[in-house]
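The values are calculated or read from the model by the stated rules, or taken from the named source; none is laboratory data. All of these numbers come straight from a predicted model, not from anything done at the bench. Virtual Cβ from ideal backbone geometry, glycine too; neighbours counted across all protein chains shown. Side chains included, ligands, DNA and RNA excluded: accessible areas come from the protein's heavy atoms. Shrake-Rupley method; radii C 1.70, N 1.55, O 1.52, S 1.80 Å.
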There are 4 protein chains.
Amino acid sequence: MRSPTDNGPAVSRQEFDALFEQVRTWGRWAPADRGAWNRVGADHVRRAAALVRSGTVVPLGRPWDTAAGPDNRRPALHYMSDLGDAETSGPSGPSEPSTHKDFVGADFHGKGITHLDALSHVAYRGRLYGGGAARELVGSGGARFGGVGALGPLVTRGVLLDLPAVQGVAWLEPGQAVHAGDIAAAEEALGVEIGEGDAVLLRTGRFRRRRELGPWDADAACAGFHVHAVPLLAGRGIALLGGDGDSDVRPSPVEGVHSPVHTLAVAAMGVPLLDNADVEELAAACAGTDRYDFLLSVAPLNVPGGTGSPVNPVAVL
Amino acid sequence: MRSPTDNGPAVSRQEFDALFEQVRTWGRWAPADRGAWNRVGADHVRRAAALVRSGTVVPLGRPWDTAAGPDNRRPALHYMSDLGDAETSGPSGPSEPSTHKDFVGADFHGKGITHLDALSHVAYRGRLYGGGAARELVGSGGARFGGVGALGPLVTRGVLLDLPAVQGVAWLEPGQAVHAGDIAAAEEALGVEIGEGDAVLLRTGRFRRRRELGPWDADAACAGFHVHAVPLLAGRGIALLGGDGDSDVRPSPVEGVHSPVHTLAVAAMGVPLLDNADVEELAAACAGTDRYDFLLSVAPLNVPGGTGSPVNPVAVL
Amino acid sequence: MRSPTDNGPAVSRQEFDALFEQVRTWGRWAPADRGAWNRVGADHVRRAAALVRSGTVVPLGRPWDTAAGPDNRRPALHYMSDLGDAETSGPSGPSEPSTHKDFVGADFHGKGITHLDALSHVAYRGRLYGGGAARELVGSGGARFGGVGALGPLVTRGVLLDLPAVQGVAWLEPGQAVHAGDIAAAEEALGVEIGEGDAVLLRTGRFRRRRELGPWDADAACAGFHVHAVPLLAGRGIALLGGDGDSDVRPSPVEGVHSPVHTLAVAAMGVPLLDNADVEELAAACAGTDRYDFLLSVAPLNVPGGTGSPVNPVAVL
Amino acid sequence: MRSPTDNGPAVSRQEFDALFEQVRTWGRWAPADRGAWNRVGADHVRRAAALVRSGTVVPLGRPWDTAAGPDNRRPALHYMSDLGDAETSGPSGPSEPSTHKDFVGADFHGKGITHLDALSHVAYRGRLYGGGAARELVGSGGARFGGVGALGPLVTRGVLLDLPAVQGVAWLEPGQAVHAGDIAAAEEALGVEIGEGDAVLLRTGRFRRRRELGPWDADAACAGFHVHAVPLLAGRGIALLGGDGDSDVRPSPVEGVHSPVHTLAVAAMGVPLLDNADVEELAAACAGTDRYDFLLSVAPLNVPGGTGSPVNPVAVL
């Protein structure tokens, strides 16, 4: 058994910066706001649609979590704004129908809410993806580059890397790093190969562990990719990276960089991230059909200048 | 040219109640929370996926509208919660990466935000779909029946009824009713037939009109279905009804019922509604390929007990 | 030293109901929405103003707490909506001045935010103060009786019961009950007598303890009044009850009643409650002048139908 | 009768900058965050308390306005979070008491909500009061200088300048400027003299006009002070400026400066502003006693780094 904090090897800042340069795709696409989603052309969409076999639809969005907890420091809001008592009555009795309405709100980045990170979410050394200065491009009205509204939805092939299934464990322990070799082993074991334009979803088993052992501070320790695994993903030309964590192993193995996979994916590669997706049901569905690729649709709210969006991603097998 | 308030014929409450009984499907499905979405089985999903030809992806979500206006009385909220200045610095300088975060919130029912109505949204004579008492089933914590979290996502065949295209006008005028004959004429003209499990989207041209003439109070006057058109839709066994309005023609032609199509669809038929979808780009895409059916994915946020959700529906042609 | 859970003696539901009847003032005042604040006539206001000696102004509002914690389960919201970059520029350069704006929000009842409870906050056996049915009077649009907007502000004599000072301890332990005898001893020791129309503030030392030992779940255990102390307060004709807790000792000593002092004060006596007021600085000011009464001003936001309001109460010595 | 846009005379930017220098008080006080509130020493508080004669308490806060309108572009939020149905039941029946709770929220700057502007609200030529760079001092976490939490409450003498009463009109027309001569005439007519440490409240009759004629866009046209009147107020050493508008006459008479009185008061003089206070009832109370000064208490929420706060100011006559 690995140590709960087997997050290494340690990476120096210099080495990290070299990695950043290695995987950087600035200037490759237009519109730049969509980054690596530009890889997903009409052909990819058609091929993804052709993956639908059983017609099973699996949502990946966690329940809107309004309870504060160690992995939900900014709980989502849900208030009823009308309980059927707000409509005015007419002269001949109560007006019909009665309606029920609600308010939802969320400061959604963090560990509690299934959400997408748009390209404006992350800046490294003050630069957003493409090289623009974050201080100039992001203001109180939102982001003028890399907003989630400019990103729009993604429909592509999804691939699930079910690491616990491959390793024969219930879940990866918090702090456990996923390496390039683990990815290769998963492809082999699961019979799937990550290709260009794919959405790669990592299952660490976080939500099974959470249901069985309770929540923990996933900012302090969670399983995720080690930065050394990123070049493999970059080489495959992925469009989206995500899973049941936030892709980064924590604690971070990189000196002075708290979220190095975020940095490489979003700021260097233009790859949006899908955080906190509950892939437990998806894993069961994949296991049941012994196929680990599927049609994935991720449709962020159309928030102009937003840095991301809560989402309910949908896998269709 | 029709009158701007050609919303008739007038319908008595007695006639409306008979319509309600005629189209009522209470007790037909389990789980009842999903209502007519139970019509969409695995076969439907597979057939919908098979509709993908060009691989064109079209989002239908309006921009998150934070400006109050005559058709946006409860403007959406969007605040930046982090502009790259919130992370604490470490001993050796600022910690990296800097991140940008935001809060989004919405009291989304109404005329301004693209959203889905779950089955708990509407009660008629105090009864939700299925007959349960709204007062017992919906409380300040949300709905115990018909919540959007229990509804989940929909992936099915979408059909666009582009009425302005059929009628050779830029848009339907506010207040103009769409009748069964109009639907039949549209099917004929557009070469599409509404079938079981379909999501029917009505284009009235509202958002083209809004862009050209400015916003207006769509609660007072908007184009939409007349209740007499609902039995045709019920007979076809549709799963979802929606479009660029809220499906109801306004003013309502029904005595004492402000939203009769909402009532029939949601409370009688168990058909969720998709309101305020911007189908202008979709109409252009359909016209360009001369095909008016497509894969439609609608993925509401997973809000337990929510009466609906803001959404960004996705059509794939 | 007392036990941390010395919250007794236990009180049966029957005994509690007798207490409720004993202190009940339903029907005594008009407007009933103001309850015991009707005791504070112009004379009281004048006498309170005459208490000002040193001219020292002491605010009692806790800092707006946006961090979730064991005593702050629904953290307050604070977002900047304008950082000086939202105003449009004019033809001759940026328009001046630049302005900074923010959004504040709170689901303020609970243990984290200094707030006032209006008479609509609490119902016992389905009845609000005055006997109206809560189910009829409080709806999704707010309260039609006992709203904080109808309550308005209070300016009266405040009295601080600094129990730790009297008992020579740093603070009362969580769970420690304050009895009638403790009140009497405090009046004696502090040289102050509670009279009609007074606002009684209890210091348990909670916020000193919190600063020194960290936060704890104050719903599970906090110092406060035992219900047997309430008749003394009722007999004095107080207008407001409050302090650094929420007035109730927790765990509750009353069978089946989680907040018995809330129930007696608000629902039986019509006495609004002031919860979570930080009285540490006030205690020091009182000790410094050896006077424990002062002018107190509590000005809730004018929310029509609100069940209370976050406040920043002001003591003037 | 004056023209509805008699907002002049026009003021050049150069002249405005000279005015700014003339009234500037940077560096005069510590703590600088409290600006001109440092003028209100213990003596002022005592003298203010001594003004209480009749014991009449008058709140000045407008009702929390949740309806969007021409003068309320960002409507306040008020949602019920508990309607007595959220508490868990115990083994022996429903737990008591039932409680009602709510969420309040507001992006409060603007024309709809009674609020205080702290010193961090306004920057001129990039500088806050005291000369610090706004860009350095105000971030997404709030203001590090001039936050409303550092400002705290104000208790001082208030003076009402009831201009419509002096001029024998129902209200000042939107766009009508109040000049130094008008202030002097009001002092003479009302028998009151503005002195050091005073809170000056201007009544323009806005809310009477609003009630009689309906709301209008108060950003486009409202009565308020002309900048030429500011030196008189500065010379008197006022601590707070406010009233039923936002102190600025609109349209602005100053070239390139949309809110010149805001700029002079907040950024040059360190005088917080009280906007949108409903002084109609206060005016009646003052007229009834023929006295136009009183004790004023303004207690902003204790929001660390906030640029202001919704408030319910209280006048005590």
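Please enumerate the residues belonging to region A:197-207 that are outside any loop (DSSP other than H, G, I, E, B) and either modelled with pLDDT under 95 or touching a strand residue (DSSP E or B) at 6+ places or on another chain (Cβ under 9 Å) (or both).
Within region A:197-207, A:199, A:200, A:201, A:202, A:203, A:206 meet the criteria.
Quick one: residue C:33 ticks every box in (1) in contact with a Phe, Trp or Tyr (Cβ under 9 Å, 6 or more places away or on another chain); (2) among the acidic types (Asp, Glu); (3) not in a helix (DSSP H, G or I) except a single one, so which number is it?
The failed condition is (3).
Can you pull out every residue in region A:128-141 that is within 12 Å of chain C (Cβ to nearest Cβ) and part of a loop (DSSP other than H, G, I, E, B)?
Passing the criteria: A:140, A:141.
If you scan region D:173-196, which residues turn out to be over 11 Å from residue D:159 (Cα atoms), part of a loop (DSSP other than H, G, I, E, B) and open to solvent by less than 20 Å² (accessible area, probe 1.4 Å)?
Answer for region D:173-196, where residues must be over 11 Å from residue D:159 (Cα atoms), part of a loop (DSSP other than H, G, I, E, B) and open to solvent by less than 20 Å² (accessible area, probe 1.4 Å): D:174, D:175, D:176.
Using the structure shown, decide if residue C:55 is open to solvent by less than 10 Å² (accessible area, probe 1.4 Å), modelled with pLDDT of 95 or more and in a helix (DSSP H, G or I). Reasoning before the result, please.
Numbers: open to solvent by less than 10 Å² (accessible area, probe 1.4 Å): yes; modelled with pLDDT of 95 or more: yes; in a helix (DSSP H, G or I): no.
It is false that residue C:55 is open to solvent by less than 10 Å² (accessible area, probe 1.4 Å), modelled with pLDDT of 95 or more and in a helix (DSSP H, G or I).
Inspect region D:131-141 for any residue being crowded, with 23+ Cβ neighbours inside 10 Å and in contact with a Phe, Trp or Tyr (Cβ under 6 Å, 6 or more places away or on another chain) and give the result as yes or no.
No, the conditions are met nowhere in region D:131-141.
Looking only at region B:73-96, decide whether some residue is open to solvent by 40 Å² or more (accessible area, probe 1.4 Å) and under 23 Å from the mean Cα position of the chain (by Cα).
The answer is yes; a qualifying residue exists.
Scan region A:258-279 residue by residue and report those that are over 21 Å from residue A:155 (Cα atoms) and either more than 12 Å from every other protein chain (Cβ to nearest Cβ) or part of a loop (DSSP other than H, G, I, E, B) (or both). Even if it seems obvious, please write down each step before you answer.
First, the residues of region A:258-279 that are over 21 Å from residue A:155 (Cα atoms): A:258-264, A:267-268.
Passing the criteria: A:258, A:259.
When residues of region A:256-287 are filtered for being among the hydrophobic types (A, V, I, L, M, F, W, C) and without any contact (Cβ under 8 Å) to a residue 24 or more places away in the chain, how many remain?
Summing the residues that are among the hydrophobic types (A, V, I, L, M, F, W, C) and without any contact (Cβ under 8 Å) to a residue 24 or more places away in the chain in region A:256-287 gives 1.
Assess whether residue C:102 counts as being open to solvent by 30 Å² or more (accessible area, probe 1.4 Å), closer than 30 Å to residue D:258 by Cβ and not basic (Lys, Arg).
No.
Does residue B:270 qualify as being open to solvent by less than 10 Å² (accessible area, probe 1.4 Å), farther than 19 Å from residue B:162 by Cα and of a type outside the set (S, T, N, Q)?
For residue B:270, the condition - open to solvent by less than 10 Å² (accessible area, probe 1.4 Å), farther than 19 Å from residue B:162 by Cα and of a type outside the set (S, T, N, Q) - is met.
Only one residue in A:43, A:107 is facing chain B (nearest Cβ under 9 Å), open to solvent by 60 Å² or more (accessible area, probe 1.4 Å) and of a type in the set (Asp, Glu). Which one?
A:43 is the lone residue from the list that is facing chain B (nearest Cβ under 9 Å), open to solvent by 60 Å² or more (accessible area, probe 1.4 Å) and of a type in the set (Asp, Glu).
For region B:208-251, how many residues meet the condition of being open to solvent by less than 10 Å² (accessible area, probe 1.4 Å), farther than 15 Å from residue B:278 by Cβ and assigned to a strand (DSSP E or B)?
Adding up the residues that qualify gives 5.
Inspect region B:105-127 for any residue being under 26 Å from residue B:74 (Cα atoms), over 20 Å from the mean Cα position of the chain (by Cα) and of a type in the set (A, V, I, L, M) and give the result as yes or no.
No, region B:105-127 contains no residue that is under 26 Å from residue B:74 (Cα atoms), over 20 Å from the mean Cα position of the chain (by Cα) and of a type in the set (A, V, I, L, M).
One residue is enough: does region C:152-166 have a residue meeting the conditions surrounded by fewer than 18 Cβ atoms within 10 Å (Cβ to Cβ) and more than 14 Å from chain D (Cβ to nearest Cβ)? Steps first, answer last, please.
Pass one, region C:152-166, residues surrounded by fewer than 18 Cβ atoms within 10 Å (Cβ to Cβ): C:166.
Now narrow it down to the ones that are more than 14 Å from chain D (Cβ to nearest Cβ): C:166.
Yes: one or more hits.
Please find, among B:6, B:85, the residue that is part of a loop (DSSP other than H, G, I, E, B), modelled with pLDDT under 95 and within 9 Å of another protein chain (Cβ to nearest Cβ).
Of B:6, B:85, the one residue that is part of a loop (DSSP other than H, G, I, E, B), modelled with pLDDT under 95 and within 9 Å of another protein chain (Cβ to nearest Cβ) is B:85.
When residue B:112 is evaluated against the numbered criteria (1) part of a loop (DSSP other than H, G, I, E, B); (2) open to solvent by 20 Å² or more (accessible area, probe 1.4 Å); (3) closer than 30 Å to residue B:145 by Cα, which criterion, by number, is the only one it fails?
(2)
From B:125, B:144, grab the single residue that is within 11 Å of chain A (Cβ to nearest Cβ), among the basic types (Lys, Arg) and surrounded by fewer than 22 Cβ atoms within 10 Å (Cβ to Cβ).
Sole residue among the options that is within 11 Å of chain A (Cβ to nearest Cβ), among the basic types (Lys, Arg) and surrounded by fewer than 22 Cβ atoms within 10 Å (Cβ to Cβ): B:125.
If a residue must be under 25 Å from residue C:211 (Cα atoms), over 16 Å from the mean Cα position of the chain (by Cα) and either modelled with pLDDT under 95 or not small (Gly, Ala, Ser) (or both), how many such residues does region C:258-289 contain?
3
With respect to residue A:203, is the statement that it is surrounded by fewer than 24 Cβ atoms within 10 Å (Cβ to Cβ) and either touching a Ser or Thr at 6+ places or on another chain (Cβ under 7 Å) or over 30 Å from residue B:67 (Cβ atoms) (or both) true?
No, not satisfied.
Looking only at region B:293-317, which residues are surrounded by fewer than 24 Cβ atoms within 10 Å (Cβ to Cβ) and either closer than 23 Å to residue B:196 by Cα or acidic (Asp, Glu) (or both)? Step through it out loud before you land on a result.
Let us first name the residues in region B:293-317 that are surrounded by fewer than 24 Cβ atoms within 10 Å (Cβ to Cβ), namely B:293, B:304, B:317.
Across region B:293-317, the qualifying residues are B:293, B:317.
Any residue in region C:52-76 that is more than 11 Å from chain D (Cβ to nearest Cβ) sitting within a Cβ distance under 6 Å of a residue that is of a type in the set (Ser, Thr, Tyr)? List the pairs, counting only those 6 or more apart or interchain.
C:75/C:66
If I ask for residues that are surrounded by fewer than 20 Cβ atoms within 10 Å (Cβ to Cβ) and either modelled with pLDDT of 95 or more or touching a His at 6+ places or on another chain (Cβ under 9 Å) (or both), which ones from region A:30-40 would you list?
A:38
On the basis of being modelled with pLDDT of 95 or more, in contact with a Phe, Trp or Tyr (Cβ under 6 Å, 6 or more places away or on another chain), closer than 30 Å to residue A:82 by Cα and crowded, with 18+ Cβ neighbours inside 10 Å, does residue B:68 make the cut?
In short, no.
Looking at residue B:209, is it within 14 Å of chain D (Cβ to nearest Cβ) and out of contact with any His (no Cβ under 8 Å at 6 or more places or on another chain)?
On the way: within 14 Å of chain D (Cβ to nearest Cβ): no; out of contact with any His (no Cβ under 8 Å at 6 or more places or on another chain): yes.
So residue B:209 fails the test.
Has region A:11-25 got at least one residue that is basic (Lys, Arg), over 20 Å from the mean Cα position of the chain (by Cα) and part of a strand (DSSP E or B)?
No, region A:11-25 has no match at all.
Pick from region D:14-29 the residues that are open to solvent by 50 Å² or more (accessible area, probe 1.4 Å) and of a type in the set (D, E, K, R): which of them is farthest from the other protein chains (Cβ to nearest Cβ)?
D:28
Residue A:285: within 14 Å of chain B (Cβ to nearest Cβ), among the aliphatic types (A, V, I, L, M) and open to solvent by 10 Å² or more (accessible area, probe 1.4 Å), yes or no?
yes
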